[in-house]
Each structure stands twice: as structure tokens, then as C-alpha cells.
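Okay, structure first, notes after.
The values are calculated or read from the model by the stated rules, or taken from the named source; none is laboratory data. Since the structure is predicted, the reported quantities are computational estimates derived from the model, not experimental observations. Backbone-built Cβ (ideal geometry, glycine too); neighbour counts: all protein chains shown.
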Amino acid sequence: MDVKGRSRTGGTLRNGAPTQELSPQLEHPSDAVLPEEIASALSVLLRAVVTRPAPVVQVESVEPWLTVAEGARHAAVSEETLREWITLGQLPAGRCGRVLRVRRSDIDAMLMQRQGAGGGPGGEPSPRSNEILATLTPRR
């Protein structure tokens with residue numbers, strides 16, 4: 001083919017070697033004739049791709065991560081206590097940069113576990129548990 005896209009029909013190169021005759025250029029890609037085996041394989045593949053159902057992606061509900069201050073407020077404890085729980089491995093936490101983050105559900109689960117185990121250290125209820133119980137129990 002020459003620079004303008006026309007096909008040559010023969011001739012010689014500058015070094016005198018003969019050129020091969022080239023087939024005429026197709027006007028459009030749909031003008032190409034595919035062997036029947038290839039055409040049927042392509043149609044099967046295209047049908048499989050087009051009719052394939054979209055993958056189902058289950059998205060968990062995105063629970064916001066709380067800062068240590070927010071988590072301490074939620075658990076009604078000091079920030080130092082919450083940090084201690086994290087250090088001792090009692091409360092899972094993650095870091096976002098330099099900031100520690102905790103999940104509200106993890107705090108709730110840990111508090112429920114501690115409540116079932118008798119509350120604070122030594123088995124006595126925590127001050128917050130006593131405070132909550134006092135509001136629930138009618139006074140006589």
C-alpha cells in the first residue's frame with residue numbers, strides 16, 4: 001500500500017526486488033468474510049456476554065467509625081478507659097491516619113459482654129450500670 005492507502009498491483013522496490021501483489025483494501029470491516037466456525041463461535045460468545053446476568057454485590061450497611069471521644073461518650077466512660085480497652089485488646093479499633101476509630105456496635109457488644117460477666121473489675125457493676133439501674137428501678 002502506498003501512503004494514501006491505495007493498494008499496489010505489483011512493481012519493483014528501489015533495490016530492484018519485485019513487490020508482491022496485495023489484495024484490495026476492504027471498504028468496511030463488515031465486508032470481511034469470516035469462516036463459518038469463527039462466526040458461530042463469535043455469536044455464541046456474544047450471546048453469553050449479552051445475556052449473562054449482572055453480578056450481585058452485597059453491600060454491608062456502612063457503620064460510621066467513632067473517634068475515641070465519641071466512643072467514650074457513647075459508652076459513658078472516659079477517653080482513657082476506652083484507650084485502655086483498645087490497648088488490652090478488649091475493644092477492636094482501627095486507625096485513620098493518626099486518629100483511632102472504633103465502631104459503635106463493637107462498643108455495644110463489649111459492654112454487653114462485660115455486663116454479662118458482672119460489669120467492672122472484681123465482678124461489681126460499673127458506676128454507669130448502677131446509674132442506669134437506678135433510673136429503671138422504682139424507688140420505694
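Give the number of residues within region 77-109 that are in contact with an Asp or Glu (Cβ under 7 Å, 6 or more places away or on another chain) and loosely packed, with under 15 Cβ neighbours inside 10 Å.
Residues flagged as in contact with an Asp or Glu (Cβ under 7 Å, 6 or more places away or on another chain) and loosely packed, with under 15 Cβ neighbours inside 10 Å within region 77-109 amount to 2.
Can you find a residue in region 52-59 that is outside any loop (DSSP other than H, G, I, E, B) and either at negative phi or modelled with pLDDT of 90 or more (or both)? For region 52-59, residues outside any loop (DSSP other than H, G, I, E, B) and either at negative phi or modelled with pLDDT of 90 or more (or both): absent.
Residues that are under 14 Å from Arg128 (Cβ atoms) and not in a helix (DSSP H, G or I) within region 60-96 comprise Ala76, Val77, Ser78, listed in sequence order.
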